[in-house]
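One structure below.
Bear in mind that the values in this text are calculations on the coordinates, not laboratory data. Keep in mind it's a predicted model, so treat the numbers as computed, not measured. When we count neighbours, we look across all protein chains shown, and the Cβ atoms used for this are built from the backbone with ideal geometry, even at glycine.
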Amino acid sequence: MPAEEFVAGWISGALGLVLGHPFDTVKVRLQTQTTYQGIIDCMVKTYRHESLLGFFKGMSFPIVSIAVVNSVLFGVYSNALLALTATSHQERRAQAPSYTHVFIAGCTGGFLQAYCLAPFDLIKVRLQNQTEPRAQPGSPPPRYRGPVHCAASIFQAEGPRGLFRGAWALTLRDTPTLGIYFVTYEWLCHQSTPDGQNPSSATVLVAGGFAGITSWVTATPLDVIKSRMQMAGLEQRAYRGLLDCMVSSVRQEGLGVFFRGLTINSARAFPVNAVTFLSYEYLLHSWG
Ligand SMILES: CN(C)C(=N)NCCC[C@H](N)C(=O)O
């Protein structure tokens, strides 16, 4: 089982994560809070109340978790393709796998990464939704003092299952959309690269960026539901399950609720995934 794919997945994911986290904070707030009029309003309010640091809330944990999550995604994807097509990463340029195989391998990677991601994503979403400014004398402290305190509080209040709140929605979000992610990437690389050659850096950037956009556009409806279910434990708003969350969100806010955060999700997806794929390909290429 080639280990380089796991290491390359980790490093490339971390680079993309730092670049995209401020957009991610705005997205999570727009999806779960009704106090903002739109992207600009959310950005201005966050900056005024919490300074630039507000955009980076909840980032320390994902930096650690991306090591697990992205390496599982890229490592499982690549090894699933190896099992399906008996070709390594290098050989796949000369002998392109079918898109069905790429889709199955992407879905497998997406399914397994969702379970690793679930507790980290829950903690990230809870911390990103804390809108209190940094501790000032006299002001009430935020509910969670940091990621470890957040994890411990959820564990104490709800047991280990509490840490997997929203995991089912996350799995449904990530399984098919990561199939779409890798198919888009491979298809775009294939379209603009002569047979048997490696795609140029510009091709990888553009294909990675569009893979991010297509996958996030299709993922946004379940992304909204997932974030709401993750916040529900905190807000005493009990949903009976995923379907109940969908139905009550649509009843209260109309069908548009499924597209909350779509613009910012897409704007974030391009640079994050362009950098992720470029560094992934570069690392695998230089390790030869
Ligand atoms: C639609 N989904 C869930 C994805 N495309 N997931 C892959 C994650 C890639 C990158 N870390 C990101 O956050 O965009």
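Using a simple spin-label model with pseudo-atoms 7 Å out from Cα toward Cβ, VAL250 and SER139 lie 4.0 nm apart. Placing unit charges on the Cβ atoms only, positive for Lys and Arg and negative for Asp and Glu, gives the range 195-277 a dipole magnitude near 300 debye about its Cα centre.
Under the definition of Cα pairs under 8 Å and six or more residues apart, what whole-number percent is the relative contact order of the chain? Normalised by residue count, the contact order of the chain is 26 percent.
Only alpha carbons enter this Debye calculation for the range 41-103, each as an equal point scatterer, and the log10 of I(q)/I(0) it gives at q = 0.14, 0.17, 0.25, 0.26 Å⁻¹ is -0.61, -0.68, -0.99, -1.02. Taking the longest Cα principal axis of the chain as reference, the axis of helix 60-85 is set at about 30 degrees.
Per residue of the chain, the DSSP helices (runs of n ≥ 4 H) give a summed -39500 (n - 2.57) that works out to -25000 deg cm²/dmol at 222 nm.
Gain on full extension, evaluated as 0.36 nm per residue between GLU4 and ASN198 minus their Cα-Cα distance, stands at 68.0 nm.
What value in Å³ per residue do you get for the convex hull of the alpha-carbon atoms in the chain?
On the way: hull volume 38.8 nm³, N = 288.
Enclosed volume per residue, from the Cα hull, is 135 Å³.
Summarised in one figure, the compactness ratio Rg/Rh of the range 95-194, Cα atoms and Kirkwood Rh, is 1.20. Between VAL28, LEU284, THR87, the Cα set farthest toward the positive side of the dipole of the chain (charges on each charged residue's Cβ, about the Cα centre) is that of VAL28. Based on every Cα atom in the range 165-288, Rg and the maximum pairwise Cα distance Dmax equal 17.7, 56 Å. Between LEU84 and ASP41, the simple label model (points 7 Å from Cα in the Cβ direction) yields a spacing of 4.4 nm. Between rounded, prolate and oblate, where does the range 240-288 land on the alpha carbon gyration tensor, with a ≥ b ≥ c its root eigenvalues, rounded for a/c under 1.5, else prolate if a/b exceeds b/c? Here the range 240-288 falls in the oblate category.
In a reduced charge model with +1 at each Lys and Arg Cβ and -1 at each Asp and Glu Cβ, the chain shows a dipole moment near 1020 debye about its Cα centre. Kindly express, to the nearest 10 degrees and within the range 0 to 90, the angle between helix 39-50's C-alpha long axis and the longest C-alpha principal axis of the chain. Relative to the chain, helix 39-50 is tipped by roughly 60 degrees.
Spacing of the modelled spin labels on PHE164 and HIS49, each 7 Å from Cα toward Cβ, amounts to 3.3 nm. Two numbers describe the Cα atoms of the range 1-152: Rg and Dmax, which are 19.1, 65 Å. Report, to the nearest 10°, how far helix 201-235 tilts away from the longest principal axis of the Cα atoms in the chain, using its own Cα long axis and a range of 0 to 90°. Relative to the chain, helix 201-235 is tipped by roughly 30 degrees. Here LEU82, LEU30 are placed in order of increasing Cβ neighbour count within 10 Å, fewest first, which gives LEU82, LEU30.
Would you mind ranking THR32, THR87 by Cβ crowding within 10 Å, fewest neighbours first? If you can, show how the numbers build up before the last one.
Working: THR32 21, THR87 16.
So the ranking, lowest neighbour count to highest, is THR87, THR32.
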